[in-house]
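Structure first, then comments.
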Amino acid sequence: ASKENPKAHTQEKKIAEASMSLEDLYEKRCGECVLCKMDECQKCKSCRTNQSLGIKSKKLACIQQICCRFEEKYKAQSAIGLPTGWKFYFRKPGNGKKVSLLDRITLITPKGRVYRSLESARIADSLS
């Protein structure tokens, strides 16, 4: 049996506990990286909220536009639809390839385990 790296576990646990608000993620993004320049998805809760509140309210970051320059611990958001305490963020696409959001997702459990796909998380932590 392989032993877990306690240092990595501590770092992952910090990620699960330290996310920024979607307002802050929008206001403090660089505006220059590949994620900041992506089109808004128009489907996530942030996009729907932005559309319903209009220009007068503070804008929320679309989940696919969360700046790649933020540290993981700040951009992780609550994963609605998964068990309580799970968080997620999207990695930037590599090499200019067009990759779906689900292929770029990172999921973090309340215990700090990190998964790079919904399928691996489902298998390992019995989400089904």
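Of note:
- Here the condition is being modelled with pLDDT under 75 and within 14 Å of the chain's Cα centre (by Cα); of E4, E71, E12, it holds for E12 alone.
- Within the range 102-126, the set of residues being loosely packed, with under 15 Cβ neighbours inside 10 Å, at pLDDT below 85 and not charged (D, E, K, R) comprises L102, I123, A124, S126.
- Residue check for K87: within 18 Å of V114 (Cα to Cα), surrounded by 13 or more Cβ atoms within 10 Å (Cβ to Cβ) and either modelled with pLDDT of 85 or more or not basic (K, R) (or both): yes
- Among the conditions (1) modelled with pLDDT under 85; (2) of a type in the set (K, R); (3) more than 15 Å from M20 (Cα to Cα); (4) not in a loop (DSSP other than H, G, I, E, B), the only one that K56 does not satisfy is (4).
- Every residue from the range 15-46 that is more than 19 Å from L101 (Cβ to Cβ) and at pLDDT 60 or above: A18, M20, S21, E23, D24, E27, K28, C30, G31, E32
- Count of the range 76-107 residues which are more than 18 Å from D39 (Cα to Cα), touching a strand residue (DSSP E or B) at 6+ places or on another chain (Cβ under 9 Å) and not in a strand (DSSP E or B): 6
The values are calculated or read from the model by the stated rules, or taken from the named source; none is laboratory data. Note that the structure is a prediction, hence the values are computed from the model and not measured. In this analysis, Cβ positions are derived from the backbone assuming ideal geometry, glycine residues included, and neighbour counts consider all displayed protein chains.
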